Amino acid sequence: MVKKIGILTSGGDSQGMNATLLGAIRTGCRLGKEMYVVYDGYKGLIDNNFVKVGPDFMDQTYNKGGTVIKTKRLPEFKEERVRKIAVENLKKEGIEALIVIGGDGSYMGAKKLTEMGINCVGLPGTIDNDISSSDFTIGFDTALNNVVTAIDQIKETMSSHNRCCLIEVMGNKCPDLTLFAGIACKADYIVTADRPLEEKELIESLKKDKEEGKDCEIVLISEKLYDLNELTKHIKEQTGWDTRNDVLGYIQRGGAPTAMERFNSIRMGSYAVELLDQGIGGVCVGLVNNELKYFDILEALDFPRNKHLDLYKTYDLIK
């Protein structure tokens, strides 16, 4: 039976990571495990940066954004020689199992470590909601609330000046933040990789809205689709709209996790320890229909992304 469990956060930070740590650490201590945090993600495994913690370690910080044990990207962890250093350091400390909170790249590291004798459980920590084995990832709900708050505030000032605003939302290859926020804020247009809109078509639609006397326009755009400054310039020149743009950026990642974020993150952290206690590793945890489930990591990474075509239909009906 596993006696020592380590925890790390890897890749981009996301709200709820600290709550996940609380769930894992307190559950582990209650089950008689020795719990260790690993600072700086996978880099901490290479640097031997482990600290043993007690059940009260997260009591003052579980409700904060970011990750108190820090995170760093370590591309070279793909190399076996680098992972061997990590495994040697873990074994010297007597740490037999590891909880990895991060995205798909972090999951691959967890799978490789499991194959090398360190049982790992992956938890979906990313604001993008791009882990298909979970309906919602750790950080998505809070980031979505941040986006909605920002859009509501921008809309108020755009309306006061009869302006159009292009708002760029994070998400990389997964546009869930844009889509969900577009529905929640009744955006005038949403543009994603799943529902692209040619510049010409967008400009013609905005021009028509202007001629019909619309008060203001809010256009949500997933990141990396347009040169936002160029598009803003073209809309201003061709539609008559006084047009601005706003890249929401890192405010989407910051801030205290929402109540639901804390609730689900604590559940996931606790569940991960239970799995390791049962000798289960090489898996990742997902929230599916509000139930916690686990999947083989490689199987989970092959799940097709949910493009939420039903939600685009909903958006069309309410916009």
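Quick notes on this structure:
- Note on the chain: semi-axes of the ellipsoid equivalent to its C-alpha gyration tensor, largest first and rounded to whole Å, are 42, 18, 17.
- For region 250-319, the share of alpha carbon pairs falling in successive 5 Å distance bins from zero is 3, 12, 16, 15, 18, 19, 10, 4, 2, 1 percent.
- 0 to 90° range, to nearest 10: angle between helix 199-211 axis and the chain longest Cα axis: 50
- Principal-axis analysis of the Cα atoms of the chain puts helix 104-115 at an angle of about 20° to the longest axis.
- DSSP bridge orientation in region 1-133 - percent antiparallel, rounded to nearest 5: 20
- Dipole size of region 192-253 about its Cα centre, with +1 on Lys/Arg Cβ and -1 on Asp/Glu Cβ: approximately 160 debye, rounded to the nearest 20.
- The chain, relative contact order [Cα under 8 Å, separation at least 6], %: 25
- Building the convex hull from the alpha-carbon atoms of region 57-106 and averaging its projection over directions returns 4.7 nm².
- The residues packed around Y226, meaning those with a beta-carbon under 10 Å from its beta-carbon, carry a net charge of -4 if Lys and Arg are +1 and Asp and Glu are -1.
- Rounded Å value of the spacing that divides the Cα centres of region 272-315 and region 74-107: 22
- Nearest 10 degrees, 0 to 90: helix 17-30 Cα axis against the chain principal axis: 20
- Secondary structure note: in the chain, about 25% of the DSSP beta bridges are antiparallel.
- With K and R counted +1 and D and E -1, the other residues having a Cβ less than 13 Å from that of D296 yield a net charge of -1.
- Cα-based shape type of region 146-229, given that a ≥ b ≥ c are square roots of the gyration tensor eigenvalues and the cut on a/c is 1.5: oblate
- The relative contact order of region 97-144 comes to 33 percent, based on Cα pairs under 8 Å that sit 6 or more residues apart.
- Distance between region 147-166 and region 7-51 - C-alpha centres, whole angstrom: 39
- Given charges at beta-carbon only (K, R positive; D, E negative), |dipole| of the chain in Debye: 1020
- Sequence ranges 64-70, 230-236, 95-101, ranked by mean other-Cβ count within 10 angstrom, highest first: 95-101, 64-70, 230-236
- Of all DSSP bridge pairs formed entirely within region 178-319, close to 65 percent run antiparallel.
- Farthest towards the positive end of the charge dipole of region 244-288, among the residues I280, I266, V247, is the Cα of V247, using unit charges on the Cβ of Lys, Arg, Asp and Glu.
- Magnitude of the charge dipole, region 64-207, Cβ model with Lys/Arg +1 and Asp/Glu -1, debye to 20: 600
- Close amide H contacts of E34 (hydrogens built in the peptide plane, cut-off under 5 Å, sequence separation of 5 or more or a different chain): K4, I5.
- Principal axes of region 1-113: Cα extent on each, largest first, Å: 37, 31, 20
- The local environment of E96, defined by Cβ-Cβ distances under 9 Å, has a net charge of +3 under the rule Lys, Arg +1 and Asp, Glu -1.
- Length-normalised contact order of region 37-112 in % [C-alpha pairs under 8 Å, at least 6 apart]: 34
- With all protein chains modelled, accessible area of S132 [1.4 Å, Å²]: 50
- Over 18 Å [Cα-Cα, region 115-265], rounded percent: 59
- Ranked packing of 35-43, 135-143, most packed first, by mean Cβ within 10 Å: 135-143, 35-43
The values are calculated or read from the model by the stated rules, or taken from the named source; none is laboratory data. If you're wondering where the values come from, they're calculated on a predicted model, not measured in any experiment. Ideal geometry is used to build each Cβ from the backbone, glycine not excepted, and the neighbour counts take in all protein chains shown. Only protein heavy atoms, including side chains, enter the accessible area calculation; ligands, DNA and RNA are left aside. Shrake-Rupley method; radii C 1.70, N 1.55, O 1.52, S 1.80 Å.
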